[in-house]
Amino acid sequence: MDIPSKYDPGKTEGKWYSYWLDNRFFSSVPDEREPYTIVIPPPNVTGVLHMGHMLNNTIQDILVRRARMSGKNALWVPGTDHASIATEARVVAKLNSEGISKYDLTREEFLEHAWEWKQKHGGIILEQLKKLGASCDWERTVFTMDEGYSESVVDVFIRLYKKGLIYRGVRMVNWDPQAKTALSDEEVNYREVDSRLYHVRYDVKGRKEGVVIATTRPETILGDTAVCVNPADERYRALKGARVVIPVVNREVPLIEDNYVDMEFGTGALKITPAHDINDYEIGLRHNLPVVDIFNDDGTLSDQATVFVGMDRFEARKAVVRILEEEGRLVKVEDHANKIGFSERTDAVIEPKLSMQWFCKMKEMAHPALENVMNNSIRLYPPKFKNIYRHWMENVRDWCISRQLWWGHRIPAWYLPGSNDFVVAKTAEEALPEAIEKSGNSSLKVSDLKQDEDVMDTWFSSWLWPIAVFDGIRNPSNPEYKYYYPTNDLVTAPEILFFWVARMIMAGYEFRGEKPFRNVYLTGIVRDSKGRKMSKSLGNSPEPLELMKKYGADGVRVGMMLCSPAGGDLLFDESLTEQGRNFSNKIWNAFRLVRSWKASDDARQETHCRIASEWFESKLNRAISEVNRNYKNFRLSEVLMILYKLFWDDFSSWYLEIVKPSPGEPLDRKTLDSTIDFFDRLMRLIHPFMPFITEEIWQLLDERADGESIMISEMPRAGTVDRKLLGEVDFAREIVTAVRSVRARKNISQRKAIKLFAAISEEEYRAIPCDIISRLCNLSAILPSKQKPAGAITFIVKTSEFYIPMEESIDVSEEISKVEKEIDYTKGFLESVMKKLDNERFVKNAPDKVVSQERKKSEDARSRLKLLQQRLEELRGGSSDN
């Protein structure tokens, strides 16, 4: 067999991905097996692959590949989200570049452009995920504006409206002036910004004294309709019932009293702008204040501002400040840090704005969604997110679900002619009978009804994702929905725990009376080595496709997972992907080594080979148990590290070194068969993390029929573990390491055979796998000895002394220094162990097994310390004699 000297992922990855697709290994249909289902967090149709996608989808692929190999009917449903705001912004920008304004088009004409853009760009990210090795059932790809999915979204709107959970009204909303749409509270990111606090004097009609207020937004003075003080504030008692003159616009407004005002903050006087601050709006409702909306939808000043009409809001701020200065009303200006809301989509500064919108009541739906997370019916990993989830659910607000856009699911409300009255129905034809009944006008026609212009919030469609991808809203009795729902695991980012995860849970219980998934694995944020969030603006985000081209998809997957604790941020450095590539090379080189060995059917299995095979069998079985335990707790980085060390250290550095035949010599058939079997099982264990190289090697390990694949082979199961043998070989490994250290320190060639004396009992001597030690250390003999041979180097393993006779005299001062360092280390180790054992809480609360292990460590350290101190005294005594 001609095996290339170097592994080439460029040739391998495309070959095997096509093979998997051609054989439909990713496809799933309901059958008698236990289902395992994951639905992809649908990336925006505008998206291209970034490092967050790489992490999230690597984790999903690991889970689904393992489930598939564990005998489950595994399904990973892919798809994309229509992303109303982001997509419409892209289409508008494209049209603008062509000299076309959105507002020169009809809605239907604009949507034609949007669908054309989606067809051209919408599948890019899914194609990129294939390069990563994502084993999605691509035949099931769903788009949130597919016909069936869209019908489900509309059905849910109608159902909630009829239940009284959706209503229309004027409320203070978060307004994005760039996208010209309302946003939900969760779509606003707050950042601390260095601002300025302006202290402004307002005149009081008929009085010499004025009132000083402080504001960070002087442009909103134009919309003030009152000044408010606390009724208990003695400073303003004399001004009760007074009228105040608003600067710049010279509007007279009342001075009102309300307990909301904090007397200790600033001057104790508050300007009230009901149209542009949520708290001012609430005060305005209590005091029947007029509302003056000074902003247009694009953030410019409206006619109601009366001055600076059409000017951008931030330019208007400067203009208002200039007038205040000219009129001598600006008392002082201070630097001030405050939190400002930014649009999650466009990063524009949010304007609080009164607007007629559609809202969804959330409190009723929040109850079962909270209860079933807190009682672990749905588990969050890591559990620390439960408290964050609870806080949000206990303080949930009504959800603003309307968006002033054209791209998206249009709100199914139909307005009667010349009226704000409406009916809610799927189509105009279905709305007509209800409209006739509501209006009493029997002559109404379908053409008389006008549909609401707004679309629904994107999240109002994606909260149905686990249900709607199986058509569970429209057809809950269909066999696919009944088989695959609820899904098993959801892998997503903590920042959309409320945007998406909480709402999916609410939808699950509201529409199906069932949880949408059993487990939620929350990944960390991908950051650079300095801890900064990766972004194109910082220039610290590598291009995923370039990384895969350079290091291979397997190398990048391993690099991502090596530093990816659940819920903990991932500090990414390109050296990690290099480490992943190096692991691929290590696996490949080990495979080439094993494949170069020849087998002899006549050769007898030697003792060192038999012990090594038995030892690695136990090592492998123990690792499988640890892997399964960590998978269960979603500790995937730990799983990878167990397998990484198992292959690199235990298998390659120790097992293969022990059984490796002498140059030109064959290996006995039994040992070679065991080695190939170990390799096979290791590849299957590693496959979920490194699908491409493991498939390549698995196919070459044995004759395979067409249609066979490692990805549908059985995941290895844990067998029995010989703990006594593991301990004996681990002891031998420490001896080997110590002997090699002496050889290196004393410059003794590995080719030169040496003797090793052990100060141990006959029983202990018989338990040592001497054949392995002799082979790896090139020892002419291992002999028990109660006395140290003259002129020998001493080393200690655990609590036993070993001696290597030296032909030349030893450097006593060097040996003293070495022993002193070992004593310092052992003292430090003992101190750390005793801190635990002296801690009553640890001894009381830790498992008995763990406490026993710590006590054993303490005993061993004390014994070792005693031997080291005896050795030090001997060396010092010998030194003084000289």
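The values are calculated or read from the model by the stated rules, or taken from the named source; none is laboratory data. Every value quoted in this text rests on a predicted model; they were computed, and no experiment measured them. Here the Cβ positions follow ideal geometry from the backbone for every residue, glycine too, while neighbour counts run over all protein chains shown. SASA here: full protein model, heavy atoms, side chains in, ligands and nucleic acids out. Shrake-Rupley method; radii C 1.70, N 1.55, O 1.52, S 1.80 Å.
Residue-by-condition table, conditions (1) of a type in the set (S, T, N, Q); (2) open to solvent by less than 90 Å² (accessible area, probe 1.4 Å); (3) part of a helix (DSSP H, G or I):
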| residue | (1), (2), (3) |
| --- | --- |
| SER817 | yes, yes, yes |
| GLU831 | no, no, yes |
| LEU865 | no, yes, yes |
| GLU873 | no, no, yes |
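If you go through segment 53-68, how many residues are touching a Ser or Thr at 6+ places or on another chain (Cβ under 8 Å) and within 20 Å of HIS121 (Cα to Cα)?
Count: 0.
Would you please list the contacts, defined by Cβ atoms under 8 Å and residues six or more apart or on different chains, that run from a residue in segment 114-126 that is more than 20 Å from HIS53 (Cβ to Cβ) to a residue that is among the hydroxyl-bearing types (Ser, Thr, Tyr) and assigned to a helix (DSSP H, G or I)?
So the pair list comes out as ALA114/THR87; TRP117/THR87.
Filter segment 100-141 for residues that are of a type in the set (Gly, Ala, Ser) and at pLDDT below 95; which is least open to solvent (accessible area, probe 1.4 Å)? Before you say what the answer is, go through the steps one by one.
Our first condition is that a residue be of a type in the set (Gly, Ala, Ser); within segment 100-141, this holds for 101, 114, 122-123, 133-135.
Keeping just the survivors that are at pLDDT below 95 gives 101, 122-123.
Values: SER101: 38, GLY122: 5, GLY123: 37 Å².
Top of the filtered list is GLY122.
Say we look at segment 471-511 and pick out the residues that are among the polar types (S, T, N, Q) and touching a helix residue (DSSP H, G or I) at 6+ places or on another chain (Cβ under 8 Å); which of these is surrounded by the fewest Cβ atoms within 10 Å (Cβ to Cβ)?
So the residue we want is ASN475.
Taking the condition of being out of contact with any Ser or Thr (no Cβ under 9 Å at 6 or more places or on another chain), assigned to a loop (DSSP other than H, G, I, E, B) and under 21 Å from HIS199 (Cβ atoms), how many residues in segment 259-306 meet it?
The total comes to 9.
Taking segment 836-858 as the search range and keeping residues that are under 22 Å from THR799 (Cα atoms), exposed (fewer than 12 other Cβ atoms within 10 Å of the Cβ) and modelled with pLDDT of 80 or more, which one is farthest from the chain's Cα centre (by Cα)?
If we take residues in segment 836-858 being under 22 Å from THR799 (Cα atoms), exposed (fewer than 12 other Cβ atoms within 10 Å of the Cβ) and modelled with pLDDT of 80 or more, then LYS856 is farthest from the chain's Cα centre (by Cα).
Can you confirm whether VAL211 is in contact (Cβ under 8 Å) with a residue 60 or more places away in the chain, in contact with a helix residue (DSSP H, G or I) (Cβ under 8 Å, 6 or more places away or on another chain), crowded, with 16+ Cβ neighbours inside 10 Å and among the aliphatic types (A, V, I, L, M)?
no
I'm trying to understand the selection: among the residues of segment 403-422, which are crowded, with 22+ Cβ neighbours inside 10 Å, modelled with pLDDT of 95 or more and within 21 Å of GLY164 (Cα to Cα)?
HIS409, ILE411, PRO412, ALA413, TRP414
With in a loop (DSSP other than H, G, I, E, B), aliphatic (A, V, I, L, M) and more than 36 Å from the chain's Cα centre (by Cα) as the only criterion, which of ILE735, ILE748 stands out? It would help to see each step written out before you state the result.
Numbers: ILE735 fails: in a loop (DSSP other than H, G, I, E, B).
Of the residues listed, the single one that is in a loop (DSSP other than H, G, I, E, B), aliphatic (A, V, I, L, M) and more than 36 Å from the chain's Cα centre (by Cα) is ILE748.
Test ARG317 against the stated conditions and say whether it is in contact (Cβ under 8 Å) with a residue 24 or more places away in the chain, basic (Lys, Arg) and open to solvent by less than 70 Å² (accessible area, probe 1.4 Å).
Yes, satisfied.
Test each condition in (1) open to solvent by less than 30 Å² (accessible area, probe 1.4 Å); (2) of a type in the set (Val, Ile, Thr); (3) under 15 Å from PRO218 (Cα atoms); (4) part of a strand (DSSP E or B) for VAL248 and report the one that comes out false.
(4)
From the list THR37, THR46, which residue is outside any loop (DSSP other than H, G, I, E, B), hydroxyl-bearing (Ser, Thr, Tyr), on the phi < 0 side of the Ramachandran plot and touching a residue at least 24 places away in the same chain (Cβ under 8 Å)? Outline the logic, then answer.
Numbers: THR46 fails: outside any loop (DSSP other than H, G, I, E, B).
Checking each option against the conditions leaves just THR37.
Does ILE158 satisfy the condition of being among the β-branched types (Val, Ile, Thr), part of a helix (DSSP H, G or I), at pLDDT 95 or above and surrounded by fewer than 22 Cβ atoms within 10 Å (Cβ to Cβ)?
It is true that ILE158 is among the β-branched types (Val, Ile, Thr), part of a helix (DSSP H, G or I), at pLDDT 95 or above and surrounded by fewer than 22 Cβ atoms within 10 Å (Cβ to Cβ).
Restrict the check to segment 771-782 and report whether at least one residue is under 49 Å from the mean Cα position of the chain (by Cα), open to solvent by 70 Å² or more (accessible area, probe 1.4 Å) and not charged (D, E, K, R).
Scanning segment 771-782, I find no residue that is under 49 Å from the mean Cα position of the chain (by Cα), open to solvent by 70 Å² or more (accessible area, probe 1.4 Å) and not charged (D, E, K, R), so the answer is no.
Do you know which residues across segment 58-74 are open to solvent by 10 Å² or more (accessible area, probe 1.4 Å) and farther than 16 Å from SER27 by Cβ?
Passing the criteria: LEU63, ARG66, SER70, GLY71.
Give the residues of segment 153-185 that are in contact with a Leu (Cβ under 6 Å, 6 or more places away or on another chain) and among the hydroxyl-bearing types (Ser, Thr, Tyr), sorted by residue number.
THR181
Restricted to segment 254-269, and to residues that are open to solvent by less than 50 Å² (accessible area, probe 1.4 Å) and touching a Phe, Trp or Tyr at 6+ places or on another chain (Cβ under 9 Å), which residue is farthest from ASP224 (Cα to Cα)?
So the residue we want is GLY268.
Can you tell me which residues in segment 86-121 are hydrophobic (A, V, I, L, M, F, W, C), assigned to a helix (DSSP H, G or I) and out of contact with any helix residue (DSSP H, G or I) (no Cβ under 7 Å at 6 or more places or on another chain)?
ALA86, ALA89, ALA93, LEU111, TRP115 - these are the residues of segment 86-121 that are hydrophobic (A, V, I, L, M, F, W, C), assigned to a helix (DSSP H, G or I) and out of contact with any helix residue (DSSP H, G or I) (no Cβ under 7 Å at 6 or more places or on another chain).
Output the residues belonging to segment 169-193 that are touching an Asp or Glu at 6+ places or on another chain (Cβ under 9 Å), farther than 13 Å from ASP457 by Cα and of a type in the set (D, E, K, R).
ARG171, ASP176, LYS180
Take ILE611 and tell me if it is β-branched (Val, Ile, Thr), under 25 Å from GLN60 (Cα atoms) and touching an Asp or Glu at 6+ places or on another chain (Cβ under 8 Å).
no
Might you let me know whether segment 50-62 holds any residue that is under 28 Å from SER637 (Cα atoms), touching a strand residue (DSSP E or B) at 6+ places or on another chain (Cβ under 9 Å) and not in a helix (DSSP H, G or I)?
There is at least one residue in segment 50-62 that is under 28 Å from SER637 (Cα atoms), touching a strand residue (DSSP E or B) at 6+ places or on another chain (Cβ under 9 Å) and not in a helix (DSSP H, G or I).
Taking only pairs six or more apart or across chains, which ones have beta-carbon atoms under 6 Å, a first residue in segment 434-454 that is more than 27 Å from TRP407 (Cβ to Cβ) and without any contact (Cβ under 8 Å) to a residue 40 or more places away in the chain, and a second residue that is open to solvent by 70 Å² or more (accessible area, probe 1.4 Å) and not in a helix (DSSP H, G or I)?
Note: pairs meeting the criteria are ILE436/SER442.
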